[in-house]
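Worksheet: the structure to be examined is printed underneath.
Just so it is clear, none of the values below were taken in a lab; they were calculated from the coordinates. Predicted model, so just to flag it, every value in this text is computed and none were measured. In this analysis, Cβ positions are derived from the backbone assuming ideal geometry, glycine residues included, and neighbour counts consider all displayed protein chains.
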Amino acid sequence: MGLFNILTANVACPICAESARFDNIQFRYGHTRQIRFGIGDTLIWNGNNVGQPGRSCLFVPGIGGPCPHCQTTYVYFIIKIVHDKIEEVTPTADDPGDDLAN
Ligand SMILES: [Zn+2]
């Protein structure tokens with residue numbers, strides 16, 4: 001079973017464009033152990049690491065949902081991480097897949 005972390009963010013749903021609080025955006029980066037983060041938080045590095053500490057800038061896929069407005073089950077996001085800080089979350093209509101962390 002894959003471990004992940006959880007991000008809470010107020011963002012527009014990529015499907016219906018309504019702003020919503022997504023409190024269960026799953027992503028895999030840093031020490032992954034279902035740790036809860038918000039925008040502006042700094043990742044933790046411990047033993048169960050995905051990725052590399054201290055990267056200057058990278059983008060990681062996230063998945064949340066359902067949207068409280070349109071009930072879309074899976075809502076996709078792209079999470080921008082700058083020097084281990086969660087800087088920004090952008091909604092995306094397409095599944096960004098697993099290969100954004102390069
Ligand atoms: Zn929606």
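Label H69 and D41 with points 7 Å out from Cα along Cα→Cβ: what is the distance between them in nm?
2.4
Kindly state, to the nearest 0.05, the FRET efficiency for K85 paired with N24, given R0 = 35 Å and r defined as their beta-carbon distance.
Calculated transfer efficiency: 0.95.
Can you sort V60, V82, V50 so the residue with the fewest Cβ neighbours within 10 Å comes first?
Values: V60 23, V82 12, V50 18.
Going from least to most buried by this count: V82, V50, V60.
Take the Cα atoms of the range 14-61, find their three principal axes, and give me the spread along each one in whole Å, biggest first.
Reported extents, whole Å, longest axis first: 38, 22, 17.
Please order H31, H83 by the number of other Cβ within 10 Å, starting at the fewest.
On the way: H31 17, H83 12.
In increasing order of surrounding Cβ atoms, one gets H83, H31.
Stokes-Einstein at 20 °C, 1.002 mPa s, Kirkwood radius from Cα pairs: D for the range 5-92 in µm² s⁻¹? Each step should come with its number before you reach the end.
Numbers: Rh = 12.9 Å.
Using the Kirkwood radius from Cα pairs, D works out to 166 µm²/s.
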